[in-house]
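Note sheet for the following structure.
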Amino acid sequence: MKKQQRLILALAALFLAACSEDVKTPADIYKGQSAETIFNGGEASLAKGSYQDAVERFEGLDALYPFSPYEEQSQLNIIYAYYKANDYAMSAAAADRFIHLYPRSSHVDYAYYMKGVANTTVNRGLGSGIVNLDISTRDLGSVKEAFNDFNQLVINYPDSPYTPAARSRMIYLRNTLAQSELNIAQFYYDHRAYVAAANRANDVVKDYQQAPAVIPALALMVKSYRQLDLEEPANKALQVLAYNYPDSPEYKALVENKKS
């Protein structure tokens, strides 16, 4: 029995070794071709929508000719090709690499923008095709990274053609982050952790001004403080809500609840 097991393991090892020998890197595939030929092939693949092939060609170019005159444009193309191939994590990584390799490039603004776009999309994962997917209910580490990427673009390259779109995306991301914090605050409230709920709701009001989540966050502060019998902070939060959002359903509900 032991001899049979050893034989099976040996055969498996030989099979894996044979398979590994068949796997070729992009450098292996395009070895012997000129930098110009590889680059033109990659651009042709991009034009045809063959994004995986384009990635392979540009990666091969990078490995074989890291100092060619095509290298900078090739790195930009890799960012786009990975994104179109739905490999958002690799697209963000490629953009980050470009930023570090070419910090003074006239195209570095594009890298910042695409890094932000890719990081935004990473969070959607397999649900990216779902209409009206609420990503505020998911882990938002990549969303925070995306916000920072767009912020870097807006601050450092205010005249970039990508800056207006970055600003719009930052508003969406800000609202998403605010809603995520509100979801957590509501969770605490629902589980009677009123101090934690009030503190988290206060963070929404303080850190995400102008986000739609501010209104229900203020209301949640009022309700949390009332549950804690803290009338002064409850009244202060209610006053802020009344002053800024007197017609909101949240304010009207709190006033009616107070009367009853």
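The values are calculated or read from the model by the stated rules, or taken from the named source; none is laboratory data. No experiment lies behind these values; they were computed from the predicted model shown. Note: ideal-geometry Cβ built from the backbone for every residue, glycine included; neighbour counts use all protein chains shown.
So that you can scan it fast, the table gives a plain yes or no per residue for (1) modelled with pLDDT under 95; (2) within 28 Å of residue 166 (Cα to Cα); (3) part of a helix (DSSP H, G or I):
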| site | (1), (2), (3) |
| --- | --- |
| 13 | yes, no, yes |
| 32 | yes, no, no |
| 44 | no, no, yes |
| 47 | no, yes, yes |
| 72 | no, yes, yes |
| 80 | no, yes, yes |
| 91 | no, yes, yes |
| 94 | no, yes, yes |
| 99 | no, yes, yes |
Enumeration of residues in the stretch 143-171 that are in a helix (DSSP H, G or I), over 16 Å from residue 121 (Cβ atoms) and in contact with a Leu (Cβ under 7 Å, 6 or more places away or on another chain): 163
If the Cβ limit is 7 Å and pairs must be 6+ apart or interchain, which residue in the stretch 206-220 that is farther than 17 Å from residue 255 by Cβ pairs with which residue that is outside any helix (DSSP H, G or I)? 214/208
State whether one or more residues within the stretch 226-237 are within 22 Å of residue 177 (Cβ to Cβ) and either in contact with a strand residue (DSSP E or B) (Cβ under 6 Å, 6 or more places away or on another chain) or not in a helix (DSSP H, G or I) (or both). no
Taking the stated definitions as given, is residue 243 crowded, with 16+ Cβ neighbours inside 10 Å and either not in a helix (DSSP H, G or I) or not charged (D, E, K, R) (or both)? no
Is it true that some residue in the stretch 144-167 is in contact with a Lys or Arg (Cβ under 9 Å, 6 or more places away or on another chain), assigned by TED's automatic domain parsing to the domain that holds residue 113 and of a type in the set (D, E, K, R)? yes
Has the stretch 186-203 got at least one residue that is under 23 Å from the mean Cα position of the chain (by Cα), of a type in the set (D, E, K, R) and assigned to a helix (DSSP H, G or I)? yes
What pairs come up if the first residue lies in the stretch 229-248 and is without any contact (Cβ under 8 Å) to a residue 60 or more places away in the chain, the second is not in a helix (DSSP H, G or I), and their beta carbons are under 9 Å apart, counting only those six or more places apart or on different chains? 234/228; 241/248
Listed by first then second residue, the pairs whose first member lies in the stretch 44-59 and is in contact (Cβ under 8 Å) with a residue 24 or more places away in the chain, whose partner is crowded, with 18+ Cβ neighbours inside 10 Å and among the aromatic types (Phe, Trp, Tyr), with beta carbons under 7 Å and at least 6 positions apart or on separate chains, are 55/82; 57/30
If you take the residues of the stretch 55-89 that are buried (at least 18 other Cβ atoms within 10 Å of the Cβ) and of a type in the set (A, V, I, L, M), which of them is nearest to the chain's Cα centre (by Cα)? 79
Given the structure, is residue 211 small (Gly, Ala, Ser), assigned by TED's automatic domain parsing to the domain that holds residue 180, surrounded by 12 or more Cβ atoms within 10 Å (Cβ to Cβ) and not in a helix (DSSP H, G or I)? yes
